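Here's the structure, in structure tokens; my notes come after.
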Amino acid sequence: MLLKPVIKHERTLKKSHPIVSLIIRTKNEERWIPSCLDAVFGQNYKSFEVIIVDNESTDKTTEKALQYPIKKIVTISNYLPGRALNLGIEESKGKYIVCLSAHCIPTGDAWLVSLVNALEEDETYAGVYGRQEPMSFSSLADKRDLLLVFGLDRVTQVRDSFFHNANSII
């Protein structure tokens, strides 16, 4: 899945440069983790740390992840999404937390600065999530589902309780 920036063409941070902790959840993601981490470490925003929470992968996910300057890999069993994120957050030191799934690949080098800018610009925002787009080889069902969930337009959500924890910042 490809991730689009929240705010198009925002390439520089408008205020401070707070540390951001990226929590990346994995389970047998050896196919995706190099692309995900290449995109993360290719961001024009550099004040971040990466913590991987791995659900006992049996492939080469963690070996491939260790080829990057990540802060830590936390291994868990009995995976629950919220528990995995909480364990990653416990290891973090950032002002903001980015939740990212390893199979969700940020597009462009302004993805992270767009997320940070959204929270830095408006203190009333508790969190921001980005659109998730299908890969060219995604199934028709996945393409349909992502279009139904995210639509085509940017939306400021105020009443709905949906929050996308595969591509978000809090």
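Some notes on this structure:
- Looking at region 38-136, the strands (runs of 3 or more DSSP E) lying wholly inside it that each contain 3 or more residues that are under 13 Å from the mean Cα position of the chain (by Cα) and under 13 Å from Ile24 (Cβ atoms) sit at 48-54, 96-101.
- Verdict on Ser114 being among the polar types (S, T, N, Q) and either crowded, with 20+ Cβ neighbours inside 10 Å or modelled with pLDDT under 90 (or both): yes
- Tabulated pairs, region 95-124, first farther than 16 Å from Leu37 by Cα, second of a type in the set (S, T, N, Q) and crowded, with 18+ Cβ neighbours inside 10 Å, C-beta under 6 angstrom, 6+ apart or interchain: Ile97/Ser21
The values are calculated or read from the model by the stated rules, or taken from the named source; none is laboratory data. As the structure is a prediction and not an experimental result, all values here were calculated from the model. Glycine gets a Cβ as well: all are built from the backbone with ideal geometry, and neighbour counts include every protein chain shown.
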